[in-house]
1. What percent antiparallel are the DSSP beta bridges of segment 2-135, to the nearest 5?
2. If each residue's Cβ is checked for other Cβ atoms within 10 Å, how do LEU60, LEU4, LEU91 rank with the fewest at the top?
3. Only sites in a loop by DSSP and with at most 15 other Cβ atoms within 10 Å count here; which chymotrypsin sites (Phe, Trp or Tyr not before Pro) in segment 54-92 make the cut?
4. For the chain, what is the mean residue ellipticity at 222 nm derived from helices alone (per DSSP H run of n ≥ 4: -39500 (n - 2.57); sum divided by total residues; nearest 500 deg cm²/dmol)?
5. First obtain the Kirkwood hydrodynamic radius of segment 2-135 from its Cα pairs, then insert it into the Stokes-Einstein equation at 20 °C and 1.002 mPa s, and state the resulting D in µm² per second as a whole number.
6. Hey, fewest Cβ within 10 Å first, where do LYS6, LYS125 land in order?
7. Check each of the GluC sites (Glu not before Pro) in segment 35-92 and keep only those in coil by DSSP with at most 14 other C-beta atoms within 10 angstrom; list them in order.
8. Over the Cα atoms of segment 68-126, compute the convex hull volume and normalise it per residue, giving Å³.
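Laboratory data are not the source of any read-out in this text; all were calculated from the coordinates shown. Predicted, not measured: the structure shown is a model, and the values here were computed from it. Because the Cβ atoms are built from the backbone with ideal geometry, glycine has one as well, and the counts that use them run over all protein chains shown.
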Amino acid sequence: MSYLVKHLNTGWEVDQEIVREEERLVIIRFGHDWDTTCMQMDEVLVSVAETIKNFAVTYLVDISKVPDFNTMYELYDPCTVMFFYRNKHILIDLGTGNNNKINWALNNKQEFIDIVETVFRGARKGRGLVISPKDYSTKYRY
């Protein structure tokens, strides 16, 4: 599914897309196209693209081709999704302790749409940290 989403092949392209977009949320999936976790996340990204196109735009970045952001954003997980709005990294509290990014594949399309809407609304209000509509902590999972 990754061939349906625009790839950014250099660090300059990534920076330009983050800086250029003034009105919409920029969602970037860092990872590898061949990784199964990324494949699952890409499937969700492609399926919700039409729904969120008015307030968000999605890009993919291969972390082995573009290693510029690996240490800056601590991209050590197989799949990482990050949000940017008006050249600012938007943090999201998912209950996992890591507020910088989503580092697992979401399988539910509606959950992802809810997260994107929450991040967009909070970012538009000027918030740098938004709270997820669902708590993803593993504390209560059995």
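1. Of the beta bridges lying entirely in segment 2-135, close to 50 percent run antiparallel.
2. Working: LEU60 24, LEU4 13, LEU91 18.
So the ranking, lowest neighbour count to highest, is LEU4, LEU91, LEU60.
3. TYR76
4. -10000 deg cm²/dmol
5. D = 146 µm²/s.
6. LYS125, LYS6
7. Sparse-neighbourhood loop GluC sites (Glu not before Pro): GLU74.
8. Residue-normalised Cα hull volume stands at 96 Å³.
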